[in-house]
Every structure is written in structure tokens, then in C-alpha cells.
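What follows is a single structure, written as C-alpha cells, with notes after it.
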Amino acid sequence: MVAISKIATGNGHGEDSPYFDGWKAYETNPFHPIDRPDGVIQMGLAENQLCFNFIKKWVMEHPEASLCSAEGVNKFEETALFQDYHGMPEFREAVAKFMGKVRGGRVKFDPDRIVMSGGATGAHEMVAFCLADPGEAFLVPTPYYPGFDRDLRWRTGVELVPVVCESSNNFKITRAALEAAYEKAKEANLRVKGLLITNPSNPLGTILDRDTLKGIVKFINEKNIHLIGDEIYAATVFMEPEFVSISEIIEEVECNRDLIHIVYSLSKDMGFPGFRVGIVYSYNDAVVSCARKMSSFGLVSSQTQHLIATMLSDDDFVDSFIVESKEQLFKRHKYFTLSLSQVGIGSLKSNAGLFIWMDLRKLLKEKTFDAEMDLWRVIINEVKLNVSPGSSFHCDEPGWFRVCFANMDDNTMEVALLRITTFMHKHNEAMVPRKLCRRASLKLSLSRRRDDFMSQNMMSPHSPIPQSPLVRART
Amino acid sequence: MVSMSKIATGNGHGENSPYFDGWKAYETNPFHPIDRPDGVIQMGLAENQLCFEFIKKWLMEHPEASLCTAEGVNRFKETALFQDYHGMPEFRQAVAKFMGKVRGDRVKFDPDRIVMSGGATGAHEMVAFCLADPGEALLVPTPYYPGFDRDLRWRTGVELVPVICESSHNFQITRTAMEAAYEKAQEANLKVKGLLITNPSNPLGTIMDRETLKSIVKFINEKNIHLIGDEIYAATVFKDPEFVSISEVIQEVECNHDLIHIVYSLSKDMGFPGFRVGIVYSYNDAVVNCARKMSSYGLVSSQTQHLIATMLNDDDFLHNFIMESKEQLFKRHKYFTWSLSQVGIGSLKSNGGLFIWMDLRKLLKEKTFDAEMDLWRVIINEVKLNVSPGSSFHCHEPGWFRVCFANMEDNTMEVALSRIRSFILKNNESIVPRKLCSRSSLKLSLSRSLSRRMDDFMSPAGIMSPHSPLPQSPLVRART
């Protein structure tokens, strides 16, 4: 018997979570408009695919961004040799500038505080290694991205303690919830080292308002614990209210800056998850110094640093991209949520992210997580959509599902909506007593498309679905 | 007072090692032929700069290797989105093929066992996380690459126990040395989980012979511990004897394959350290599985995967590159060691790597590591060369220095050699007693002999000029 490590034999890798089960279902039978029209449509992957034509156009007009073109090859050697963990100055400057522009120029970022990492995945692990010892803990508001369980805990030995946020107040992070989590950690003999917030939120798609942010900054200063702000979705805020970053708040309230750190990446805002551009930005010099040394374990490929530096140094491109991206996301989000509401499906009101937080509580047989899993299996196997169940995000209440909308083309979106429509149709038929509504008139109302429903009253008068106040309020 | 982690506040990052001091000296005053001709020449960085013209020519002929050219842009989107930790199939196939070819096709590598990492730096840390728990240990033969202290220990909590290899045996790894290290670990209550070998060796530049490798495989099987073979310099073996890989030896002797793992990278063999192409190749399915999940922390950029896949899937390029690289390294190594021998400087006989293991023991005031540090400071501050002192590689004996020769162009090499010559000239004056040799004739004979270039010294025997005052060290004769 060959012995390997406890880390290797345990399940800290987190892949036993249902978050990944749907992924597997998708992979065995992925949708393709021509080859596999009955395959599973992937709506569980938060990717941003809406701006590639825009990006490709720029790429074609700027051959110098590549090390392999006639215009760029004279930089091949020096770039291929460049392994300095400080990172290329032009790369850091370009990223700092982009981060500032995404925040409307309201705050400036210092290129010397930009540290590279192996994607946001590597960034989170690196921050945990810098701030906490094995057995110490971070507070994390629920619902949260399932990857945190692996990224922050697996190899670091750090614990996560949830800050439970409830649907009754739109999952806001309240002072009471923060205090409760802090207390719980103490009772469990866990030393809390920091609080990790994701803003804009994954999976909610909402942003934190200024008062909540100030409340959070006040809390962490009182407790003298770190604040890690994952702002990976910063540029995906597609409509008012405007995004407010941690970096802005600390200019407005009293705060020990040594406690403030931002995790960033180009995976969501630009749609480049494959390029592994992770960033740790810390206001704490010792953390910058340590993280920089640790970045050796996951530097950004110099070839990619060069491409990104060239791209993000182009002010016109950056300005236009940010606008274009918001516009595409806005349109897609609006169409998707509107269409869902037509069949009585509501979601948490959101203005950011690449997904919606869909409310299917009323479709549950009972208010349990088992029922949520049952419903989820139906969605995967019958409706043939991979969506992510709320329990995998540690949501405190069953019935919520994260559904991604920016990772497919328009046609696929139509197919997905049709399947949802059909499913709800069948579901409604099963629920409505025959005497209330004839089947024929039901079919008729549901076949209308988006264009038909321009009025505010989003439910057809013939629809049998009880008008949930939640639906009205949230779409 | 804001508290961070113990890992962050400790010095496990290893940058307090002298290995990095020279680097800092270089950075404050780096040599440039025109702007800073008196600057420090970097001979402490094991880079391979000899084949870039060859590579650039290929790039210009293959625009499809880039995602940003007309020929490649149609793959931009799918590549930018590709974050699957299995890695691109064509990337894994190309790397597996390259690894096989570098070993003369004597062994085949399975693309499905190829796992990505953040450079070899990330690969080593990942393997340590997979195989050992905090407090457990890996055995490492000395002298070894200083980065291991950080890569294998810093965030993992794993310990390293040296296997002491001595100059009297040409630093070969003996059974006795391995047993001694294993015993030492037991006495210190450390559970040994594996043995890490670097073959070809950094800093020695030598390769392990078949017998040594077999003996190592036998040892780890007996102890039921893992064997990690860092073969990052595999393609830098520029002359016979031919490189023998762990992957070959395990086909020849009885071995539990679950114990065998290879760390690889394109940083040295191809000269691409900036591209962060680290590879873990394991014969153990559970390790492949676990490492693959961990690779999320340091995947290879898909943009780079695409470039490398295109490049290494070109059989002609592969074949020609391997040959070209060996040739360039052979020539540079020969010229460098030859020139050094002209002034009485010997080095360990080597046939691989991007450096030589220079023997300056006779220049030490006394046989101590303090004296080695003194000499090293002289080399950095007076001779203006950044070389790496043997102590930073945990060498058991003072007086050895690793000197890199493949990271500069010919002109810079000439400047470096002339500085070395001048230094030896001055140094000889002070160590030779006056009555033995008049200064002027010394200067004359030395300058006459030293001014000859490589072409003048064609005879293999008698590498020292008959007028040279330097005592003829048998070590020098035997090793250059």
C-alpha cells in the first residue's frame, strides 16, 4: 500500500458537491444545435461569451499584441525569458488602469500593489495562506460560490464559517448576521482572521449598497480582522444602481488599510477564464510582499501578460468594451428574466453578474433540501438544463437555483427558454384542477413570444399560476 | 497590530539565502555592453538563450500558433474560454511526444498522465502536497537547487533531509549516503515519504548512470517511499553519455510504478521560463487524479497551451530543435570550460545543464564556508560576475560555485572570460612567492598564454601552458 498525503486522500477538493454533478450530466450529453439538439444545455457555468466578436476585431487590428506576429516577434525572446514575479510593469499598469475604469475612475489603483496569481482560484488560496494559519477561520456570507470551500480550505487548513443571509431581506448582509457568525466561530473555538465578501455577488447577481459596505468596514475594523473583497464581477454591473467598490468605501470611512485586500481576475469581466489572469491587490505592504513571493506558484504566462498589457493599455478599447459588455449583459438579462416571468418564474432582482438567482420555491414538493435535489434532478434529466441548486451555494433556504445566461448564443437561449416554458406548462397542467381552466386556452396563452408581452402586467389573465407577490416584486 | 499567517511572517520563502544576494547585486548594476559595460554579468541564472533565432524562424512560418493572427483568431474564443483542468488534449499530446523524443523515443509518455502546474515551481509544491503531510520528509541529494527549500517546504510544512554527496565520489548518489540520510530522518522522528532526485543535476550538470538509477529505484522500493524525478534539464544533455530517464529504468527493473513521479517543464529545455509550463507526470493514478484537481491553482494559460501544442506537434521542428539545442550547448560549454582551464580553473566534468560546477577550492583562504563567502563577495564586487556559491546549494564542501553559461550572447561571454582571466592574473601575483617567479616574466607568460583563444589550444593533453605558475591540480586535469 503506497501512502500519499491526507490532503490527497480526503475530499477537500470539493468535487463531491452537487455543483459538479450537473456538470457531469452535461458532459455526458452536451447540447449542440445540430449534432445533439436534445442534449443538456449548460446553464451552470458562469462564463461571459457576449463580447468575443468585439474582442476579436481588436485583436485583428493589433498584431503587436501577439508575440508570434511579424509586429510582435521581436519581443518573443525577452518575454519568453521574463519570469520576474513582480510581473511586467506594463501588465500591472494596464490592469490597474482597467480596474480604475471599471469603477468609473472614482478610485485609482497602484500598479505596485498588483500581484499575480493562478486565476482567482489561485488568488483566493494565496490570500488564505497569507492571512490565516491552519485551523483559523474566515467568515463568508451565504449563499456563496462553492469553489471557496476548496480554494480557501483544501491545502491551507483554514476553516470557513457562514454568515447566514436570508431571503426575507433579499439576502442582505446584516450586522446581526455578522455578529452571529463571529459568535458561532468563537463558540467553536475558531479564531476568525477575516471576512470574505463577493461583490457583485455570486450567485445573487446583486451589488452591496453603500451603507452595507460601510457597515462591513466598520465591523472588520472593530474586530480587527481582514476584509477580502472578491470583485471579480465588477464590470458585469449592467444597470443602476452603480457598483460601489471596497476601494471607494475606505476613502470615505475610517479604516485600517492593512486589513483591506481585493481579489480580481479577467475571467468574468472579460471572458478569459482560460488565460488564468488572477490578481491580488492588497493595501497591506507585508501582504503584497508575501503574496508576491507566493505568486511564483502561479504566475501569469508572460505571453498572456503581453497580450493583456497591449489590450488594456488601449484606452479606446477599454472604454468601448466596458460599455459594450454592459449593453450585451443588460439585453440578455432583460430578455431572460422577462421570458421567465411570462411562465411565472421569478428571480431575485439583480443588476450584475452572469446569472440570475431563480426562485423555484413554489415548485418544491416540500420545503426541504431533499425536495430541492429532486426538483434539480428533474431539471437536469427532463428539462435538460444544467442549473445549480442553491444548496451547493450553502443557501439557508431550499428552492433557489443559479442560472447562467451569458454563456450561450441567442439561439441556444431560445431553446432553453422553450424547454422551460414547456416544463412549466406541463407542471401547471398537473397542478390546476380541470374545472378551473380548459387546456386549450392555456396552450394558447403560453405560445406568445417576448414581443407580445409589452405590458407591465406580466401574467396572462388566463394563466392558472397563482400570482406570487414574490414574482411581481422581483422581475 | 494586524496579524497575518505564520507562513507569511516566517522566512520559509527562502529569500534570505545568498543565492538571491548575488541576484540583488546584479539588479542594482546589471551589465550592458553599451550602457553599463562595467556592470555585473549575470552568471547565476540558469537560462537557455541559445536557440531563440531558431524558434523565431519557426514562429514566423506558423502564424496559426498564435490566437491573434488571421490564421489563428478563429480559435480565440474557444481557447480564451477553455479552463478545463485536464488541459487541451493537443497540448498534452504534444508535451508527451516531446518528452519521448528527448529520451530518444526509448520510452513513450501517456498524454493522460500529463498534469499542468504553475511552472516547475508549482509542480514541486503540488507533488509535495500530494505525497506528504506537514512534518513528513523528503530526502534530497546535495548539492541541490536552492528553490527546493521554498517550493517543497514553505506552504506545505514538509521537511527536507539532505543525502550528502561528496566531491571525492564526484558527488554521486551512493547507497550508503541514502541509508545514512534515511537513518538520520528516523532519528529526528521524521517520516520519510519520498526521495527527490534531479537528473540531469542542478547544479552539477552531470547525469546519473544506469547503475546509480537502478540502485535508487531499488532503494525506494525497499523503503516503500516515493521517487520524484525532476528531469527539467533532460534535453540539455549535449554529449555522451546519453541521458537515462527514470521512465526507462522502471521498465528494466522491478518497481512499484505507484511510487514513480516525474516533474518537468519547458523553462530550461526550451528557454521559456516566462510561459510557466510546468508538468507533473505520475505513474500513480490517485496522484494524477489529485494533482489534476490541484492544478486549478496554477493551470497553464490556454493561450500558451495553444502555442506549445502547435509548436511541439510539428515533428520536424521538434527533431531539429533538439539537435540544434544540443549543438549550441555543446559548443558554448566546450569553449567556456576550455577557456577556464587555460587559467587553471577546473570544474566537475559534465555533459548536461546550463551551467558548470566550478572548482575554486584552491582559491579559498581556508577550507571554510566563511572563506567561500569571502571569495564570493570578491567575485561579485571585484570581478563583477554573479555566480552562485556552493553553500547555497547545501554543498557539503566549500569552494564550489555554479556558473551559468547559456544565458548570454558570445560577446558577453568574452567579457566574462576576460574578467576571470584578469582576476586570476592578479590573484596569482599575490599567492605566488616572489623568489619563485619574477613578476614581469609572470605577467608576460600569463598574458601570452591567456591571450590565446580557444582555437590555439587544440591538443587534448596538457591543457596548461608550461609557463603557468598555477600548481597543476590533479583535480583540474581529471575534470576538464
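State whether the residues of the range A:8-29 include one that is assigned by the TED database to the domain that holds A:ALA352 and aliphatic (A, V, I, L, M). So far as the range A:8-29 goes, yes, one or more of its residues are assigned by the TED database to the domain that holds A:ALA352 and aliphatic (A, V, I, L, M).
In the condition set (1) within 9 Å of chain A (Cβ to nearest Cβ); (2) within 24 Å of B:LYS77 (Cα to Cα); (3) not hydroxyl-bearing (Ser, Thr, Tyr), B:LEU312 is compliant with all but (1).
May I ask you to verify whether A:PHE91 is under 25 Å from the mean Cα position of the chain (by Cα), aromatic (Phe, Trp, Tyr) and modelled with pLDDT of 95 or more? Yes.
Let's see how each residue does on (1) modelled with pLDDT under 95; (2) aliphatic (A, V, I, L, M); (3) more than 23 Å from B:ARG155 (Cβ to Cβ):
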position: A:ARG103; (1), (2), (3): no, no, yes
position: A:LYS108; (1), (2), (3): no, no, yes
position: A:MET126; (1), (2), (3): no, yes, no
position: A:TYR145; (1), (2), (3): no, no, no
position: A:ASP151; (1), (2), (3): no, no, no
position: A:GLY157; (1), (2), (3): no, no, no
position: A:LEU160; (1), (2), (3): no, yes, no
position: A:GLU166; (1), (2), (3): no, no, yes
position: A:ALA176; (1), (2), (3): no, yes, yes
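Here is a yes/no grid of residues against (1) among the basic types (Lys, Arg); (2) farther than 19 Å from B:ARG150 by Cα; (3) touching a Pro at 6+ places or on another chain (Cβ under 9 Å); (4) modelled with pLDDT of 95 or more:
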| position | (1), (2), (3), (4) |
| --- | --- |
| B:MET1 | no, yes, no, no |
| B:ILE7 | no, no, no, no |
| B:HIS13 | no, no, no, no |
| B:ASN16 | no, no, no, no |
| B:GLY22 | no, no, yes, no |
| B:ASN29 | no, yes, no, no |
| B:GLY44 | no, no, no, no |
| B:LYS56 | yes, yes, no, yes |
| B:GLU61 | no, yes, no, yes |
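Screening the candidates B:LYS365, B:LYS349 for the property of being surrounded by fewer than 23 Cβ atoms within 10 Å (Cβ to Cβ) and under 16 Å from the mean Cα position of the chain (by Cα) yields one hit, B:LYS349. Would you mention how many residues in the range B:69-97 are more than 14 Å from B:VAL300 (Cβ to Cβ) and touching a Leu at 6+ places or on another chain (Cβ under 7 Å)? Residues in the range B:69-97 being more than 14 Å from B:VAL300 (Cβ to Cβ) and touching a Leu at 6+ places or on another chain (Cβ under 7 Å): 4 in total. Only residues that are assigned to a loop (DSSP other than H, G, I, E, B), touching a residue at least 40 places away in the same chain (Cβ under 8 Å) and more than 9 Å from chain B (Cβ to nearest Cβ) were counted across the range A:11-28, and they come to 2.
B:GLN186 satisfies every condition listed in (1) in contact with a Gly (Cβ under 6 Å, 6 or more places away or on another chain); (2) within 30 Å of B:ALA8 (Cα to Cα) except (1). The single condition among (1) surrounded by fewer than 21 Cβ atoms within 10 Å (Cβ to Cβ); (2) facing chain A (nearest Cβ under 7 Å) that B:ALA132 does not meet is (1).
Inspect all residues belonging to the range B:272-293 and state whether any of them is within 10 Å of chain A (Cβ to nearest Cβ), in contact with a Lys or Arg (Cβ under 9 Å, 6 or more places away or on another chain) and of a type in the set (A, V, I, L, M, F, W, C). Checking the range B:272-293: not a single residue is within 10 Å of chain A (Cβ to nearest Cβ), in contact with a Lys or Arg (Cβ under 9 Å, 6 or more places away or on another chain) and of a type in the set (A, V, I, L, M, F, W, C).
If I ask for residues that are of a type in the set (A, V, I, L, M) and facing another protein chain (nearest Cβ under 8 Å), which ones from the range A:294-309 would you list? Answer for the range A:294-309, where residues must be of a type in the set (A, V, I, L, M) and facing another protein chain (nearest Cβ under 8 Å): A:MET294, A:LEU299, A:VAL300, A:LEU307.
Any residue at all in the range B:66-87 that's surrounded by 19 or more Cβ atoms within 10 Å (Cβ to Cβ), outside any helix (DSSP H, G or I) and more than 9 Å from chain A (Cβ to nearest Cβ)? The answer is yes, given that some residue of the range B:66-87 is surrounded by 19 or more Cβ atoms within 10 Å (Cβ to Cβ), outside any helix (DSSP H, G or I) and more than 9 Å from chain A (Cβ to nearest Cβ).
Taking residues in the range A:412-429 that are surrounded by 16 or more Cβ atoms within 10 Å (Cβ to Cβ), and partners anywhere that are among the small types (Gly, Ala, Ser), the pairs with Cβ atoms closer than 6 Å and at least 6 places apart or on different chains are A:LEU417/A:SER339.
Within the group B:LEU227, B:LEU259, B:LEU307, which residue is closer than 17 Å to B:ILE216 by Cβ, more than 23 Å from the chain's Cα centre (by Cα) and of a type outside the set (Gly, Ala, Ser)?
On the way: B:LEU227 fails: more than 23 Å from the chain's Cα centre (by Cα); B:LEU307 fails: closer than 17 Å to B:ILE216 by Cβ.
After applying the criteria, what remains is B:LEU259.
Within the range A:324-341, the presence of at least one residue that is within 21 Å of the chain's Cα centre (by Cα), surrounded by fewer than 17 Cβ atoms within 10 Å (Cβ to Cβ) and without any contact (Cβ under 8 Å) to a residue 40 or more places away in the chain is confirmed.
Of all residues being β-branched (Val, Ile, Thr) and more than 11 Å from chain A (Cβ to nearest Cβ) in the range B:135-182, which is surrounded by the fewest Cβ atoms within 10 Å (Cβ to Cβ)? Just the residue, please. Show your work before the answer.
Restricting attention to the range B:135-182, the residues satisfying the condition of being β-branched (Val, Ile, Thr) are B:140, B:142, B:156, B:158, B:161, B:163-164, B:173-174, B:176.
Then keep just the ones that are more than 11 Å from chain A (Cβ to nearest Cβ); that gives B:140, B:142, B:161, B:163-164, B:173-174, B:176.
Details: B:VAL140: 24, B:THR142: 20, B:VAL161: 18, B:VAL163: 23, B:ILE164: 20, B:ILE173: 25, B:THR174: 16, B:THR176: 11.
Out of the qualifying residues, it is B:THR176.
Here is a yes/no grid of residues against (1) assigned by the TED database to the domain that holds A:GLU327; (2) surrounded by fewer than 22 Cβ atoms within 10 Å (Cβ to Cβ); (3) out of contact with any helix residue (DSSP H, G or I) (no Cβ under 6 Å at 6 or more places or on another chain):
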| position | (1), (2), (3) |
| --- | --- |
| A:MET373 | yes, yes, yes |
| A:ASN381 | yes, yes, yes |
| A:LEU385 | yes, no, no |
| A:GLY390 | yes, no, yes |
| A:ASP396 | yes, yes, yes |
| A:TRP400 | yes, no, no |
| A:VAL403 | yes, no, yes |
| A:ASP410 | yes, yes, yes |
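Determine, yes or no, whether B:TYR233 is closer than 19 Å to B:GLY118 by Cα and in contact with a helix residue (DSSP H, G or I) (Cβ under 9 Å, 6 or more places away or on another chain). For B:TYR233, the condition - closer than 19 Å to B:GLY118 by Cα and in contact with a helix residue (DSSP H, G or I) (Cβ under 9 Å, 6 or more places away or on another chain) - is not met. Within the set B:SER341, B:SER325, B:SER296, the sole residue that is in contact with a Cys (Cβ under 7 Å, 6 or more places away or on another chain) and part of a helix (DSSP H, G or I) turns out to be B:SER325.
For the range B:353-405, a residue qualifies if it is among the small types (Gly, Ala, Ser) and either under 16 Å from B:VAL40 (Cα atoms) or not in a loop (DSSP other than H, G, I, E, B) (or both), and the qualifying residues are B:ALA371, B:SER388, B:GLY390, B:SER391, B:SER392. If you go through the range A:251-270 and keep only what is farther than 25 Å from A:LYS326 by Cβ, touching a Phe, Trp or Tyr at 6+ places or on another chain (Cβ under 9 Å) and of a type in the set (A, V, I, L, M), you end up with A:LEU259, A:ILE260. Failed condition for B:MET60, given (1) farther than 30 Å from A:LEU307 by Cα; (2) at the interface with chain A (Cβ under 9 Å from one of its Cβ atoms); (3) surrounded by fewer than 18 Cβ atoms within 10 Å (Cβ to Cβ), with all others met? Unmet condition: (1).
With a cut-off of at least 2 residues that are of a type in the set (D, E, K, R), name the helices (runs of 4 or more DSSP H) lying wholly within the range A:102-208.
Numbers: elements: A:119-131, A:147-151, A:175-187.
In the range A:102-208, the matching helices (runs of 4 or more DSSP H) lie at A:147-151, A:175-187.
Filtered by the rule that a residue be under 21 Å from B:PRO389 (Cβ atoms) and among the polar types (S, T, N, Q), the range B:342-358 gives B:SER347, B:SER350. Looking only at residues in the range A:198-243 that are in contact with a His (Cβ under 9 Å, 6 or more places away or on another chain) and free of Cβ contacts under 8 Å to residues at least 40 places away in the same chain, which one is nearest to A:HIS333 (Cα to Cα)? Ranking the qualifying residues of the range A:198-243, first place goes to A:GLY229.
The values are calculated or read from the model by the stated rules, or taken from the named source; none is laboratory data. Since we're looking at a predicted model, the values are computed, not measured. Note that we place each Cβ from the backbone using ideal geometry, even for glycine, and neighbour counts take in every protein chain shown.
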